[in-house]
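See structure below.
The values are calculated or read from the model by the stated rules, or taken from the named source; none is laboratory data. Model, not experiment: these values are computed from the prediction. Cβ placement follows ideal geometry from the backbone for every residue including glycine, while neighbour counts extend to all protein chains displayed.
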Amino acid sequence: MPAIGVRVPAVYIGKAGTGILVAYGLPLAAIVCFVWPERLMWWFSPRTPPLYDYLFTEGAWYLLGYALLLIGIGVLLLFR
């Protein structure tokens with residue numbers, strides 16, 4: 001029985017599970033950036049006064065998608 005105030009995780013992933021999550025999660029995150037850049041801009045981009053334009057436009061999300069794709073490919077090539 002854990003002590004009071006100690007949180008026990010429901011699922012323990014471990015080191016190998018974290019690596020698999022990173023290796024397959026990065027390309028999926030890149031796909032999300034390519035498919036829904038406008039929605040990501042609406043949700044996660046701060047708006048700057050006085051015009052309240054979005055700080056990160058759709059182009060920034062495409063750029064992030066390409067970066068995540070390159071990092072994901074690099075990680076997957078490590079395990080071939």
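The table for this structure:
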| item | result |
| --- | --- |
| Any hit, the range 28-36, residues being at pLDDT 85 or above and part of a loop (DSSP other than H, G, I, E, B) | yes |
| Residue match in the range 46-62 (condition: part of a helix (DSSP H, G or I), touching a residue at least 40 places away in the same chain (Cβ under 8 Å) and under 18 Å from the mean Cα position of the chain (by Cα)) | no |
| Residue match in the range 41-48 (condition: out of contact with any Cys (no Cβ under 8 Å at 6 or more places or on another chain), surrounded by 14 or more Cβ atoms within 10 Å (Cβ to Cβ) and of a type in the set (Gly, Ala, Ser)) | yes |
